[in-house]
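Student: I'd like to ask you about the structure that follows.
The values are calculated or read from the model by the stated rules, or taken from the named source; none is laboratory data. Just so you know, these numbers come straight off a predicted model, no measurement behind them. Here the Cβ is made from the backbone with ideal geometry for all residues, glycine too, and neighbour counts use every protein chain on show. All accessible areas refer to the heavy atoms of the entire protein, side chains included, with ligands and DNA or RNA removed. Shrake-Rupley method; radii C 1.70, N 1.55, O 1.52, S 1.80 Å.
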Amino acid sequence: MQRIQLQPWSSASAEELPAVKRFHIWTIGCQMNEAESAKAAALLRQAGYLPAAHEWEADLVIVNTCVVRQQAEDKALGYIGALARLKRRRPEVRIAVTGCLVTGQEERLAERFPWVDLWYGPSDFARLTRLIPELSEVDIDLVELPHYYPEGQADPEVTAFVPVIYGCNFVCSYCIVPYRRGRERSRPVEHVVAEVTRLAEQGVREVTLLGQTVNAYGHDLPGQPDLADLLAHVHEVPGIERIRFLTSHPKYFSDKLIRAIADLPKVCEHVNLPVQAGDDEVLRRMRRNYSVQEYRERIARIREWIPDVTLSTDIIVGFPGESEEQFLNTYRLLEEIRFDKVHVAMYSPRPGTLSARWVDDVPREEKRRRHRAIEELQERIARERNQRYLGRTVEVLVDGVARGRWRGRTRGNTLVFFEAAGEWRGRLVPVRITEVSPWYLLGEPAVVGAPEPAGVAH
Ligand code: SAH
Ligand code: SF4
Ligand code: F3S
């Protein structure tokens, strides 16, 4: 490669060079927030900004917030609070706050945090133009955007999140999401397919279609295509090797959808189906719209039609009025179904929701005990379930490096690490599993020699 020498007699002074502006994005919350932060980053790159590793090096700081539980809200508020110092030191820094904290709360927040320059709700990218005039030159439609390159990474991502339906029409009694994300709005099939096509052209191998209730997809579109139809369309995109989707509601997990997962080779054998509780009375008060028996039947059908499927779920412990017996019903359901992964959260009352009007009567210590009990149970189950991979060769999509080892996931979404020389990023590698833990698998590539550098093969 030719070296370019800087000429000491060059007449260009620093002032004549175009100033590079830098942005920093702080994100907390669900995959939808991650997707929206990635989109903001892509927009800003298009407008000529570059990422900054730290907020103190940035000209623009975007804070993407979550309020699903008090803990997430507190973290976001703490971070926005701490930015006051940055603003005092460098008043020219622009600060924008987005995400679920903002919706309907702008006046209250602006009073409390006067150093914030712009408040904008989830997905409302057009408002960013007020702060970044360069953005008015950019087509906000993601289809026109280059794919996001994370900070410090030379290659684009191997996996990407693609929102397909925004908002949620359920009103689970504990949940603030519908109040902050609004009613369901599906993106047309052609928009999703166009975006996935562009991502594939830029090297993305796996897409995860996103929605708070992703399997409600399409009921608001002409012709009412459903998620199974959308999966079939995305399946046609060349270059995409794997398709996932998050998060499903048990009420809409149709036979047709199960058939689509079973029949479409690129759709991974992994289902995330939050049950929240294993007790009918608690489910009723949660306004979940299904019984434990109906949930069981969906799981049985999924396991019948998709052998070797991996299953994950979400649980809330310490919901108002949850008795020891009701909690044990949840515990026993987890023992019975044996999920591969369980996300467990302690109930946190959210102002404005129905359940926030009820007494939060499970003491904090008791919530902790139930939380721990489920984590311990699940650790044992996951350890046992992962045993089945020992000695088996699984297909791993390598998405990066972690602590000196290559990192990827199986089709079932289980983390795998392996050590090997060469460039494996973006590759589908058969890996022979030599060691298992409840949280990940270790192995070695079941191929001879190191691969060609990425980019040569495709
Ligand atoms: N749409 C998804 C979940 C969205 S919120 C669904 O229907 O399951 C993500 C998870 O946060 C939920 O699954 C739930 O387990 C948890 N959660 C939501 N509100 C909560 C609250 N008030 N307290 C504790 N956990 C909550
Ligand atoms: Fe919240 Fe229920 Fe909607 Fe999930 S389905 S986002 S838990 S209201
Ligand atoms: Fe949080 Fe909003 Fe997602 S509250 S979980 S960022 S939808």
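Student: Taking the options V275, V267, name whichever one is open to solvent by less than 10 Å² (accessible area, probe 1.4 Å) and over 28 Å from S173 (Cα atoms). Write out each step before concluding.
Tutor: Numbers: V275 fails: over 28 Å from S173 (Cα atoms).
From the options V275, V267, the qualifying one is V267.
Student: Name the residue that is nearest to ligand 2 (Cβ to nearest atom), counting only residues in segment 347-388 that are under 16 Å from I316 (Cα atoms), open to solvent by 50 Å² or more (accessible area, probe 1.4 Å) and among the acidic types (D, E).
Tutor: Per the criteria, the residue is D360.
Student: Would you tally the residues in segment 402-423 being in contact (Cβ under 8 Å) with a residue 12 or more places away in the chain and closer than 21 Å to T208 by Cβ?
Tutor: Looking only at that region, the number is 12.
Student: Something else: For segment 404-458, which strands (runs of 3 or more DSSP E) that fit wholly inside it have 3 or more residues that are at pLDDT 95 or above and open to solvent by 20 Å² or more (accessible area, probe 1.4 Å)?
Tutor: 405-409, 428-436, 440-445
Student: So how many residues does segment 37-70 have that are more than 16 Å from ligand 3 (Cβ to nearest atom) and basic (K, R)?
Tutor: Taking segment 37-70 as the starting set, the residues that turn out to be more than 16 Å from ligand 3 (Cβ to nearest atom) are 41-61.
Filter once more, keeping what is basic (K, R): 45.
Residues that pass the stated criteria total 1.
Student: Looking at L231, is it part of a helix (DSSP H, G or I), more than 15 Å from R187 (Cβ to Cβ) and either within 16 Å of ligand 1 (Cβ to nearest atom) or not acidic (D, E) (or both)? Spell out how you get there, then give the answer.
Tutor: Details: part of a helix (DSSP H, G or I): yes; more than 15 Å from R187 (Cβ to Cβ): no; either within 16 Å of ligand 1 (Cβ to nearest atom) or not acidic (D, E) (or both): yes.
Here the answer is no, as L231 does not meet what is asked.
Student: Which condition from (1) of a type outside the set (D, E); (2) in contact (Cβ under 8 Å) with a residue 60 or more places away in the chain; (3) within 28 Å of P445 (Cβ to Cβ) is the one that T353 breaks?
Tutor: The number of the failed condition is (3).
Student: Scanning segment 190-222 for residues that are in a helix (DSSP H, G or I) and open to solvent by 20 Å² or more (accessible area, probe 1.4 Å), which turns out nearest to G400 (Cα to Cα)? Before the answer, list the steps.
Tutor: Here is the first cut: in segment 190-222, the residues in a helix (DSSP H, G or I) are 190-201, 214-216.
Next, from what is left, pick out any that are open to solvent by 20 Å² or more (accessible area, probe 1.4 Å): 190-191, 193-194, 197-198, 201.
Working: E190: 30, H191: 28, V193: 25, A194: 26, T197: 22, R198: 21, E201: 19 Å.
The extreme case among them is E201.
Student: Here is a follow-up. Right, S312: within 27 Å of T410 (Cβ to Cβ) and within 16 Å of ligand 1 (Cβ to nearest atom) or not?
Tutor: Working: within 27 Å of T410 (Cβ to Cβ): yes; within 16 Å of ligand 1 (Cβ to nearest atom): yes.
So S312 fits the description; yes.
Student: Could you tell me whether V344 is in contact with a Lys or Arg (Cβ under 9 Å, 6 or more places away or on another chain), at negative phi and open to solvent by 20 Å² or more (accessible area, probe 1.4 Å)?
Tutor: Details: in contact with a Lys or Arg (Cβ under 9 Å, 6 or more places away or on another chain): yes; at negative phi: yes; open to solvent by 20 Å² or more (accessible area, probe 1.4 Å): yes.
Taking the combined requirement at face value, the residue satisfies it.
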